Amino acid sequence: MKESDQVHPRIRIADSEEDALMELLSFMYSGKLTSVVPALLLDILMAADKFEVPSCMRHCSQLLTSLPMTTESALLYLDHPCSVLMVAEVQHVVGAAKEFLTDKYKDLDKFEDEVMNISLAGIEAIFSSTDMEVESEGHVYRFLLKWARARYLEPEERHEILSCRLLPLVRFSHMRCTTLKEILACTDNDIDHGKVHKRIAEALVFKDYQTDTEGVLPEDLRACWQPAKRAYKTKPVKVVMFDPPCRQAIVYLGIEREECSRLFPSGEIYSQSFFLAGHEFRLAATCEMNEAGDSDMYSFGLYIELCSMPECSESVTIDFEFGAKKKPSGKFVSQSNNVLVFSEGELMLGCEDIFGTPWWAFIADDNLFIDGVLNLRADLSVVEQPFMTGEMV
């Protein structure tokens, strides 16, 4: 029996479905549609699903995916009622819309203002992506809070959207411990603190396993607690702080060989920032070139950057030691140490060649790249400065 000969029970048709139904009837008898307007094609697709006309569904899907994709059309596809249908023809269109949005808006810093105007379905598509380029996962969390507050003015609705739709998009296990602590200390009523605390507890448990007993965590829990890393613009660090009065910290930074390779000839990678004695610092790995420009004179540099300091401070002196983990011992070996004085005019200081070897030799050194990762360690101590006072009168 032809699709045009099928007999369907009498169904009440809403006024808004009339155009779609007429187009569907036309297709059933002629095999053609007279419109390529995306909104109408989606309505026709829904009508074709409702009346079980699979050939029309396929035709609509092909037309929709052949049309130029824009932000507006992608959001139309995701927000349309048909997007909940699980049939392949619909999901093909929905998948193309999600792929367009995640590719266009993968650099959040570049498009932050534009993304603020995107609907919930679009936000879910964009922030589900592992390819998103963003400063850190903390930035993701803060952006989603900002977006929800601007979009949903009614407190109960905002709380529901954040708790059930947005928080699952945040990859807490890739947040810095300092950021997790800040979130735990927050008393904001917009979020479900019970759910957030549970997610953070899981993230902290994973970090503890990752550091001390890697490989013991069951695979099912590892997959649940460790979603893939995004394309973070700053590298995560592990910071070990000493108890007061010691103003000392040990910072661990891992950089993959492929990431190091991309530094050549003049790139740089920054770590996430950390605090020591009230000052905010971050590490910077670079590819350095000597003045002569000889290919043998490129080298791997490692620096400390002072990002901010207390208003009462004009300078800070840091005693530092850089080290790298090496085979066969697997222990950290000191590569450089010095005393650095940071001030307004000297914000980035360090060593332009911590391994004392040309770039090509550094990048090929399998003793440095253990399982494809360069493991660096920075031991930092704030040096006390003599306290100067005027004469007593």
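The values are calculated or read from the model by the stated rules, or taken from the named source; none is laboratory data. Since the structure is predicted, the reported quantities are computational estimates derived from the model, not experimental observations. Counting neighbours? That spans all protein chains shown, and the Cβs are built from the backbone with ideal geometry, glycine included. Surface accessibility is based on the protein's heavy atoms, side chains included, excluding ligands, DNA and RNA. Shrake-Rupley method; radii C 1.70, N 1.55, O 1.52, S 1.80 Å.
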### Query
Among the residues of the stretch 79-126, which ones are among the acidic types (Asp, Glu) and closer than 19 Å to residue 167 by Cβ?
124
### Task
Please go through the stretch 162-174 and pick out each residue that is buried (at least 20 other Cβ atoms within 10 Å of the Cβ) and within 23 Å of residue 77 (Cβ to Cβ).
166
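Which one of 263, 253 is buried (at least 19 other Cβ atoms within 10 Å of the Cβ) and either assigned to a strand (DSSP E or B) or among the aromatic types (Phe, Trp, Tyr) (or both)?
On the way: 263 fails: either assigned to a strand (DSSP E or B) or among the aromatic types (Phe, Trp, Tyr) (or both).
One residue alone meets the criteria, 253.
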### Message
Given the condition outside any strand (DSSP E or B), in contact with a Lys or Arg (Cβ under 8 Å, 6 or more places away or on another chain) and open to solvent by 70 Å² or more (accessible area, probe 1.4 Å), answer yes or no: does some residue in the stretch 349-372 qualify?
### Response
yes
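Taking the stretch 255-273 only, how many residues are among the hydrophobic types (A, V, I, L, M, F, W, C) and at pLDDT below 90? Before you say what the answer is, go through the steps one by one.
Step one: filter the stretch 255-273 for residues among the hydrophobic types (A, V, I, L, M, F, W, C), giving 255, 260, 263-264, 269.
If we keep only those that are at pLDDT below 90 too, we end up with none.
Matching residues across the stretch 255-273 total 0.
Take the residues of the stretch 96-134 that are of a type in the set (Ser, Thr, Tyr) and within 25 Å of residue 234 (Cα to Cα): which is surrounded by the most Cβ atoms within 10 Å (Cβ to Cβ)?
The extreme case among them is 105.
When only residues in the stretch 304-319 that are open to solvent by 30 Å² or more (accessible area, probe 1.4 Å) and either outside any strand (DSSP E or B) or in contact with a Ser or Thr (Cβ under 6 Å, 6 or more places away or on another chain) (or both) count, which is nearest to residue 383 (Cα to Cα)? Before the answer, list the steps.
Of the residues in the stretch 304-319, the ones open to solvent by 30 Å² or more (accessible area, probe 1.4 Å) are 305, 307-312, 314-315, 319.
In the following step, the residues that additionally are either outside any strand (DSSP E or B) or in contact with a Ser or Thr (Cβ under 6 Å, 6 or more places away or on another chain) (or both) were identified as 307, 309-312, 314-315, 319.
Numbers: 307: 18, 309: 15, 310: 16, 311: 18, 312: 17, 314: 14, 315: 11, 319: 6 Å.
Selected residue: 319.
Which residues, counting only those in the stretch 325-348, are open to solvent by 40 Å² or more (accessible area, probe 1.4 Å) and outside any strand (DSSP E or B)? Steps first, please.
Of the stretch 325-348, the ones open to solvent by 40 Å² or more (accessible area, probe 1.4 Å) are 325-329, 331-335, 337-339, 341, 344-348.
Residues satisfying the conditions are 327, 328, 329, 344, 345, 347.
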### Task
Collect the residues in the stretch 43-53 that are open to solvent by 10 Å² or more (accessible area, probe 1.4 Å), more than 18 Å from residue 79 (Cβ to Cβ) and either of a type in the set (Asp, Glu) or in contact (Cβ under 8 Å) with a residue 40 or more places away in the chain (or both), keeping them in residue-number order.
51, 52
### Task
Just one of (1) open to solvent by 10 Å² or more (accessible area, probe 1.4 Å); (2) at pLDDT 90 or above trips up residue 322, so point out which.
(1)
### Query
Checking residue 36 against (1) in contact with a His (Cβ under 7 Å, 6 or more places away or on another chain); (2) more than 24 Å from residue 118 (Cβ to Cβ), which single condition isn't satisfied?
(1)
## Note on the structure
Taking the stretch 317-337 and keeping residues over 31 Å from the mean Cα position of the chain (by Cα) and under 15 Å from residue 306 (Cβ atoms) leaves 317, 318, 319
### Task
Considering only the stretch 116-211, give the helices (runs of 4 or more DSSP H) lying wholly within it that have at least 1 residues that are within 21 Å of residue 270 (Cβ to Cβ) and within 21 Å of the chain's Cα centre (by Cα).
137-151, 177-185
### Residues located in the stretch 175-204, provided they are open to solvent by less than 60 Å² (accessible area, probe 1.4 Å) and either more than 24 Å from residue 135 (Cα to Cα) or in contact with a Leu (Cβ under 9 Å, 6 or more places away or on another chain) (or both)
180, 188, 190, 191, 192, 193, 194, 196, 200, 202, 203
### Query
Can you spot a residue in the stretch 22-34 that is crowded, with 18+ Cβ neighbours inside 10 Å and under 35 Å from the mean Cα position of the chain (by Cα)?
no
